[in-house]
1. Against the definition (among the acidic types (Asp, Glu), outside the structural domain of A:Phe256 (by TED's automatic domain parsing), on the phi < 0 side of the Ramachandran plot and over 14 Å from the mean Cα position of the chain (by Cα)), how does A:Glu366 come out, yes or no?
2. Checking the structure you have, find out if any residue of the stretch A:106-117 is in contact with a Phe, Trp or Tyr (Cβ under 7 Å, 6 or more places away or on another chain) and of a type in the set (Phe, Trp, Tyr).
3. Which residue, of B:Ala164, B:Ala190, is of a type in the set (Gly, Ala, Ser) and within 14 Å of chain A (Cβ to nearest Cβ)?
4. Determine if the stretch B:18-39 includes at least one residue that is touching a residue at least 24 places away in the same chain (Cβ under 8 Å), among the acidic types (Asp, Glu) and open to solvent by less than 60 Å² (accessible area, probe 1.4 Å).
5. Taking the stretch A:219-231 as the region of interest, how many residues are without any contact (Cβ under 8 Å) to a residue 40 or more places away in the chain and open to solvent by 40 Å² or more (accessible area, probe 1.4 Å)?
6. When only residues in the stretch B:252-270 that are within 14 Å of chain A (Cβ to nearest Cβ) and open to solvent by 30 Å² or more (accessible area, probe 1.4 Å) count, which is farthest from B:Arg120 (Cα to Cα)?
7. List every residue pair whose Cβ atoms sit under 6 Å apart, with the two residues 6 or more apart in sequence or on different chains, where the first one lies in the stretch A:252-281 and is facing chain B (nearest Cβ under 8 Å) and assigned to a helix (DSSP H, G or I) and the second, anywhere, is open to solvent by 50 Å² or more (accessible area, probe 1.4 Å) and of a type outside the set (A, V, I, L, M, F, W, C).
8. Scanning for something in contact with a His (Cβ under 6 Å, 6 or more places away or on another chain) and of a type in the set (A, V, I, L, M), does the stretch B:149-166 turn up at least one residue?
Amino acid sequence: MNAAPIPFIRGGKEGAGVRLGVIMLCHENLGLAARMARIWSDGGARVIMHVDAKAPEAAVEALKDALEGTGTIYAPRRSCTWGTFSLVAATLDAAAQLLQAHPDVTHVFLASGACLPLRPVDELRRFLANYPEADFIESVSVRDVGWTVGGLNEERFTLHFPFSFRRHRKLFDRYVRLQRRLGVARPIPQGVTPHIGSQWWCLTRGTLEAVLNDPRRAEFDRYFRHVWIPDESYFQTLVRRHSVHVESRSLTLAKFDAQGKPYVFYDDHLALLGTSRIFVARKIWPGASALYDAFPRRTEPADADEEPDTERIEALLDRAAARRRLGRPGLYMQSRFPRKDAENGKTAQPYAVLYGVGDLFLGLREAAAQATGRTIHGHVFGRQEVEFADGGLIGPGALSAHVGLRNLDPQGFLASLIRSSDPMPAFLYSPRDRQYLNWFMATDPNAQLLVVTGAWILPLIHSGMPFDDVRRIAAKLQRAEVRFLDTLDSVWVKARVRRWTLAEALAQPDEVWSEICMTLLPEGGAASLPAPPLQDITGVLRLVRALRNAGLRPRKMGDPRVLRALAAPLPVPEAADSPAEAGAPPREIALPRQRTG
Amino acid sequence: MRKFKQRLVTMFRLRARRQYLLARAIRRGRHLDSVRDRTAQIAPGDILAFVTLRNERVRLPYFLDYYRRIGVGHFLIVDNGSNDGSREYLAEQPDLSLWSTTASYKGSRFGMDWINALLRRHGDGHWCLTVDPDEFLVYPHINTRPLGALTDWLASSGMRSFSAMLLDMYPKGPVTAQPYAEGQDPFEIASWFDPANYSIRKNALYRNLWIQGGPRARALFAEDAENAPALNKIPLVRWKRSYVYVSSTHMLLPRSLNVVYDEDGGEMASGALLHAKFLSTFADKSAEELDRRQHYANSREYHAYQQGLQQRADFWCEQSRDYRDWRQLEDLGLISRGNWA
């Protein structure tokens, strides 16, 4: 339909030849509507008003008084309900009456009582004169929109909508579902391609007359009476039958939020609206007196012919919509408390969890902090205390080192810690710690888990505790570790996991170290500093054996042969299985009493 | 089927609870003696503020001025036996209705029965703000938009209640170091707050969030975390006669009013009540309150304060933030503008 190149004539200096007519639809706040009508008529536009039949009589009288002498005419009042044909019918009546009363009108602009003209009417006239024949109406084929709220696109045209969307929402939704299931499809009149778009348009006299006098109008009206929200589809569809040149955009800025409610503008949007060169904006908060006083405002002469620029405003509104719909990742607060696995980002930024690694290397935190410059906290999920990087009683975000406060909401604690930290914070973790958040971290794409399994045994070698206690603790730790590893084996894991067994880590400590450095400082390349010294592993074999003999088979330690080879320099005779060996005096820990006696 | 039955039982239980609280409000409301009744001045659409207080004379001028400036239309205040001139001062204010009672604060559920009674009588159909004299509401865009802009927007979004968590403010140095003068902005002195140490749990029965943390939790309740004061508040509600506050302004019935948060990851709009409790006036106040034994959970909080104060409590730490404006609170994730662009 628009194959012809867009005619653009920069000739209409004073907008000569354009006479604007304005249809105003009003239902509340008539005082404001009167003020807006005066702006239009003072600018030389012919105004026709449609006032909702539900508006109180006294207010209507006051409106008419206020507009005395402006030549405003009034359309017969209908009772209008949102989303129904009544709005279209009111518009059609008013349009016919306006065209008849003012034969000189060349363009008709549809506005509401809450639409504020941001630029003077003569600038709009001049703009329209640059586009003779053009109809400014957003008209998008329903097949290609994809932006309507509620997901009703084509179905607006093919289903039945006998129930009010606002008052009987449940019934409305159920009836739509039922029709979908039954495959109901009302036939669309021949020659009509459904289009939808903004309710606010500006049409040429010719196009509007063609729509009004269409020989098939009765048929179309009958059909659209049952279309959902016809004020966004009647003209938008039919204009495609008659218009020579559809400019598919609205001259009125009217953006809707995720709930289908128009955005409202306030005094603090003044600068934004002022530089936008938009002709008309809605909605304006009735109390935004600075906006009502400032507009309409003449554009700089150099810009007077420029196109409206809605991009900055749309960016602002899109940001707001995104905040409402997606929120800020990793934030848990009074008005954002996502359900499990509906978080849109469980944490605010990447972080590293060093599981077991702290038991493997001596002085790991200091070494890693020195090598990478990152903040390395200690065991923040420790059972006795929260070990912040600086060892203080108060950590990032003023989090307390008291475990009682942390345990009220461990997930919130971790999320706050990560959100309040410098980039890529890390902390130590082990089966000795509280295991509240294994699932949370495993399913968090921000988590970088560096896991050395079986490392929990190393601190036990040198603990000096009686063997019975060591045995009991070892069993507990191993159980916790197996549960953690089960979580890591789940198909839902989103974290990046790197795993070594104790034997592997002992065999190649430099690999573990360089992986830690790479994770904490990806841009830093290979580790620049040498790995910190390993924990003294003398006696690990003896302890493993003792535990095994006490009925606890140590798992997840890795290949026993590797472990044995690594621990070989240790002065334990290889004939370890002989009964004599079991009775040898222990070096580090108290072995179990001989049971053979 | 069992689930359905359970839901039904819960529904009836909550309904019974609401009706009990309403009955209490009506009964205890009779203990209120009207000192000045200017409620006839209330216009439709006015935003109303409801307050219970005792001996707050020094704070009142700034308090009233603050809320007048953001657009509160009428104050409805219960004076619980002040003897410092608060009552006389309040009675002179042109936009204020005053009731007085000497009945027990504790016996009226810490004043909530009185407030519920007034809300029921005068709040219907209005946006009602229920605050203490040391709580100052901050909401998104407060520097450029009056409270009426917020309530209009809430109403058009189909929302009936607005969350504003309590944000404890404190000075740098001992609480009693800088004297507070009448009419002064309390946040010139108590300008610091804790940015991100708040724990949140959901109350499954009432569906409200239970927020604890901040300086009081970390400095006074670290060993007794479960009993740290609740910070979640829903002070702004478009009132209906069937509504009732259950426990302070922490939660309401019907419980749908407590769902002021999004559970799908999005953010709803929310504000904060800046809590100007920790000023020089606090030392005398807490000693007096401890004497009266009229506070929640056997005044456990006030015992902790007394102990803390004797050790010259200083809430300030390296991580404390100096309050600037609402944008700072939003950047820190304490409040949100939601989609109120």
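1. Numbers: among the acidic types (Asp, Glu): yes; outside the structural domain of A:Phe256 (by TED's automatic domain parsing): yes; on the phi < 0 side of the Ramachandran plot: yes; over 14 Å from the mean Cα position of the chain (by Cα): yes.
Considered against the rule, which asks whether it is among the acidic types (Asp, Glu), outside the structural domain of A:Phe256 (by TED's automatic domain parsing), on the phi < 0 side of the Ramachandran plot and over 14 Å from the mean Cα position of the chain (by Cα), A:Glu366 comes out as yes.
2. For the stretch A:106-117, residues in contact with a Phe, Trp or Tyr (Cβ under 7 Å, 6 or more places away or on another chain) and of a type in the set (Phe, Trp, Tyr): absent.
3. On the way: B:Ala190 fails: within 14 Å of chain A (Cβ to nearest Cβ).
Residue meeting the stated conditions: B:Ala164.
4. no
5. Here the count works out to 2.
6. Among those residues, the one meeting the criterion is B:Asp264.
7. Filtered contacts from the stretch A:252-281: A:Asp267/B:Thr144; A:Asp268/B:Thr144.
8. First, pick out the residues of the stretch B:149-166 that are in contact with a His (Cβ under 6 Å, 6 or more places away or on another chain): B:166.
Right, trim to of a type in the set (A, V, I, L, M) and you get B:166.
So far as the stretch B:149-166 goes, yes, one or more of its residues are in contact with a His (Cβ under 6 Å, 6 or more places away or on another chain) and of a type in the set (A, V, I, L, M).
The values are calculated or read from the model by the stated rules, or taken from the named source; none is laboratory data. What you see is a predicted model; the values in this text were computed from it and never measured. FYI the Cβ positions are ideal-geometry reconstructions off the backbone, even for glycines, and counts take in every protein chain you see. Ligands, DNA and RNA are excluded from the accessible area calculation, which covers all protein heavy atoms including side chains. Shrake-Rupley method; radii C 1.70, N 1.55, O 1.52, S 1.80 Å.
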